[in-house]
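The values are calculated or read from the model by the stated rules, or taken from the named source; none is laboratory data. Computed from a predicted model, the values in this text were never measured in an experiment. Note that we place each Cβ from the backbone using ideal geometry, even for glycine, and neighbour counts take in every protein chain shown.
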Amino acid sequence: MQIIPLTYLSNIYKNKIFFQENSEILLTAGLLAYGPHPYNGSEAAIEPIFVLLLGAGAYVGWNIGANDTANCIGTAVGCGLISFKNAAFLVSVFVIIGAMLQGEHVMKTIGKGIVKTDLNYLAVCVALICSGFFVTLATFYRIPTSTSQAIVGGVVGIGLAVGTEIDYAKLIVIAESWLVCPILVMALSFGLMAIVRFILNKFGTKSLLFQQAFGWLAILSACYVAYSMGANNAGNAVGPIANLNILPPKVLLLIGGVSIAVGAVTYGEKVADTVGKGITPLDIPSAFVAQISSAFGMHLFSMLGIPVSTSSAIVGAVIGVGLNKSAKSISKNTIMTILIGWVATPTLAGAVSFVLYRVINYFST
């Protein structure tokens, strides 16, 4: 049995030897499967580090689904509009669609926008695993943290450990977006909530037609949030792998999208309770406003190729809705816990990635 080196797979993709535009996923699946070596017909197997890389990317994707599903459906589930099981199914479908259609923008930023040179395989694995671990930790404690911030922190930490040049201008733009996005979404949700309350007060809140309309709008907005999450966050899961050029972008995005969907279904319910009920009580119109506002903000930054936090977007939207009712309706303790998580996650992911890579590299040389 012969091992197919990663450099060989990379060359296949770069030179387009086997890939055609409409068949790259099927042909890549053939390469990943146990099969004949194209040069001499002998049996071949994939190099173990290749499987580890994809596994690490899928692990980050699972974490995104487990933690960020709340950003899509937490408000709808929290107000009793839809069961978690049905909501998770909708998330799974639309997150994969978003990843496949518009996930490449953020994937390019994560893959080559932060560090200016290609990272080696060990560096990519360490960055992904460390980033995923701290998101897992936050999910266990029901804290809606930012996977985007975690992966950016991990990539920066690895870049510093390797000694490669960091694009600090790009990093500043990303960090600024983490502040701008929740503020923008909070202002938008505050304004939309004021309009919705005016409409409900004018035409009556007990109208069955209005209640049904807002119910459907809330579900549709949850699907839009899931689509935007796929477009923005699938690139976080597989972006570091993309700079290795070992698989076509669409295949990587499919892996990222499916792993997010699996995380949503298997472990997404914990954080959904915090977003849907822990920050401020929500009714159906409030859930709609929060979701449509956060989805708009995420989609906007996805188109710009900037990895923003879906957690900060939905939390900002929920705060905007709460402020429209009363500042007293917002749980300040919950907000403080979330803010601490946002700061701690990228910092710890970057620091541990730096130290772990240096330790492994020291003992392997």
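Annotations
- Output for segment 57-107, where each listed residue is charged (D, E, K, R) and at pLDDT 80 or above: LYS85, GLU104
- Filter result for the condition that a residue is over 23 Å from the mean Cα position of the chain (by Cα) and not hydrophobic (A, V, I, L, M, F, W, C), over LYS170, LYS202: LYS202
- Taking the listed residues THR145, THR139, the one that is closer than 18 Å to ALA56 by Cβ, at pLDDT below 80 and not in a strand (DSSP E or B) is THR139, with no other qualifying.
- SER177 vs. criteria surrounded by fewer than 24 Cβ atoms within 10 Å (Cβ to Cβ), of a type in the set (Ser, Thr, Tyr) and either assigned by TED's automatic domain parsing to the domain that holds THR109 or outside any helix (DSSP H, G or I) (or both): yes
- Residue, farthest from the chain's Cα centre (by Cα), within segment 177-199, restricted to residues that are at pLDDT below 85 and under 30 Å from SER353 (Cα atoms): LEU179
- Taking segment 281-303 as the range and being surrounded by fewer than 24 Cβ atoms within 10 Å (Cβ to Cβ) and modelled with pLDDT under 80 as the test, the residues that pass are PRO281, ASP283, ILE284.
- Scanning segment 182-227 for residues that are more than 18 Å from VAL321 (Cβ to Cβ) and buried (at least 20 other Cβ atoms within 10 Å of the Cβ) turns up CYS223, ALA226, TYR227.
- Selected residue [at pLDDT 80 or above and closer than 20 Å to ALA218 by Cβ] from ALA313, ALA344: ALA313
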